[in-house]
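Colleague: Let me begin by handing over the structure; questions about it come next.
The values are calculated or read from the model by the stated rules, or taken from the named source; none is laboratory data. Computed from a prediction, not measured in an experiment: that's the story for all the values here. Cβ: placed from backbone, ideal geometry, glycine included. Neighbour counts: every protein chain shown. In case anyone asks, the SASA skips ligands and DNA or RNA and just uses the protein heavy atoms, side chains included. Shrake-Rupley method; radii C 1.70, N 1.55, O 1.52, S 1.80 Å.
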Amino acid sequence: SVNPARDIETINLELVFSDMEMVTRRLDKATKALKGDKKMQSEVDFLKRLLAHLENGLPARSVQIDDDSQIEIINTTALLSAKPVIYACNMSEDDFINGIDSNKNYNTVKTIAETEKAEILPICAALESEIASLDDEEKTMFLEELGLERSGLDRMIQKCYHLLGLISYLTAGQPEVRAWTITKGTKAPQAA
């Protein structure tokens, strides 16, 4: 049966279980290090709170962060449930023609994405397959007929860049013009 809420919960729980194992290992190391270094107390306290959060079935990306050291702990622990999320919803051609907001499953995923501060991308695999076989001119006409500006692949790339805080930095020289992927807000000298 089609049940996006159930599917999302199942995947999130699998990621959370994996993260619980990672946090438990790091907590064990931090607890041992605490005996010789009392500065580790804040890390141990945060890891215990993070583990309790995960044990409640909640992803690491939703834990309350109090300072930069806690962000650093999450980043260096490589937690899967702390990663940004894009929910790609495979819709039918009819949904795109009639309006995706009329699809109850899409609205379910949209609600979940809003509560998690995640991105959502409606996409039609059948249309994407057709688009991939067209040349640029036919592709543009086909997308216009559907009322779309860009293909699903292009929209996915744009959402990924946005979610990860990335932009393209263009350089032009005699032999070539190149686009470099950099973090948004990077100054030109650092980007170069």
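So that you can scan it fast, the table gives a plain yes or no per residue for (1) over 27 Å from the mean Cα position of the chain (by Cα); (2) of a type in the set (G, A, S); (3) modelled with pLDDT under 85:
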residue: L121; (1), (2), (3): no, no, no
residue: A125; (1), (2), (3): no, yes, no
residue: G152; (1), (2), (3): no, yes, no
residue: K159; (1), (2), (3): no, no, no
residue: L166; (1), (2), (3): no, no, no
residue: Q174; (1), (2), (3): yes, no, yes
residue: P189; (1), (2), (3): yes, no, no
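Colleague: Right, something else. Checking R155 against (1) closer than 17 Å to I86 by Cβ; (2) of a type in the set (D, E, K, R); (3) surrounded by fewer than 10 Cβ atoms within 10 Å (Cβ to Cβ): exactly one of these is not met. Which one?
Modeller: (3)
Colleague: Next question. Return the total of residues in region 10-24 being touching a helix residue (DSSP H, G or I) at 6+ places or on another chain (Cβ under 9 Å) and in contact (Cβ under 8 Å) with a residue 40 or more places away in the chain.
Modeller: Final tally of qualifying residues: 7.
Colleague: Let me spell it out: the conditions are (1) at pLDDT below 90; (2) surrounded by 14 or more Cβ atoms within 10 Å (Cβ to Cβ), and V2 meets all of them except one. Which number is the exception?
Modeller: Against the list (1) at pLDDT below 90; (2) surrounded by 14 or more Cβ atoms within 10 Å (Cβ to Cβ), V2 comes up short only on (2).
Colleague: I've got another one for you. Filter region 107-156 for residues that are β-branched (V, I, T) and either in contact with a strand residue (DSSP E or B) (Cβ under 8 Å, 6 or more places away or on another chain) or under 30 Å from V63 (Cα atoms) (or both) and give the result.
Modeller: Step one: of region 107-156, the residues β-branched (V, I, T) are 108-109, 111-112, 115, 120, 123, 131, 140.
The answer is T108, V109, T111, I112, T115, I120, I123.
Colleague: Identify all residues within region 173-187 that are part of a strand (DSSP E or B), open to solvent by 90 Å² or more (accessible area, probe 1.4 Å) and over 24 Å from E119 (Cα atoms); write none if there are none.
Modeller: Residues of region 173-187 that are part of a strand (DSSP E or B), as a first pass: 177-183.
From what's left, open to solvent by 90 Å² or more (accessible area, probe 1.4 Å): 177-178, 180.
Hits for region 173-187 are V177, R178.
Colleague: Something else: Would you please list the contacts, defined by Cβ atoms under 7 Å and residues six or more apart or on different chains, that run from a residue in region 25-40 that is under 14 Å from T76 (Cβ atoms) and touching a residue at least 24 places away in the same chain (Cβ under 8 Å) to a residue that is open to solvent by 40 Å² or more (accessible area, probe 1.4 Å) and assigned to a helix (DSSP H, G or I)?
Modeller: L27/K48
Colleague: Can you spot a residue in region 42-51 that is open to solvent by 60 Å² or more (accessible area, probe 1.4 Å), over 18 Å from A82 (Cβ atoms), assigned to a helix (DSSP H, G or I) and in contact with a helix residue (DSSP H, G or I) (Cβ under 9 Å, 6 or more places away or on another chain)?
Modeller: yes
Colleague: So I86 ticks every box in (1) more than 30 Å from L58 (Cα to Cα); (2) under 16 Å from the mean Cα position of the chain (by Cα) but one. Which box is left unticked?
Modeller: Here I86 clears every test but (1).
Colleague: Okay, next question. Condition check: among the small types (G, A, S) and in contact (Cβ under 8 Å) with a residue 12 or more places away in the chain. Does A52 satisfy that? Quick ask: steps written out before the conclusion?
Modeller: Numbers: among the small types (G, A, S): yes; in contact (Cβ under 8 Å) with a residue 12 or more places away in the chain: no.
Judged against the criteria, A52 is not a match.
Colleague: State whether one or more residues within region 33-41 are farther than 22 Å from E116 by Cα, assigned to a helix (DSSP H, G or I), open to solvent by less than 70 Å² (accessible area, probe 1.4 Å) and among the basic types (K, R).
Modeller: Filtering region 33-41 down to residues farther than 22 Å from E116 by Cα leaves 33-41.
Subsequent filtering for residues that are assigned to a helix (DSSP H, G or I) retains 33-34, 38-41.
Those left that are additionally open to solvent by less than 70 Å² (accessible area, probe 1.4 Å): 33-34, 40.
Keeping just the survivors that are among the basic types (K, R) gives none.
No, region 33-41 has no match at all.
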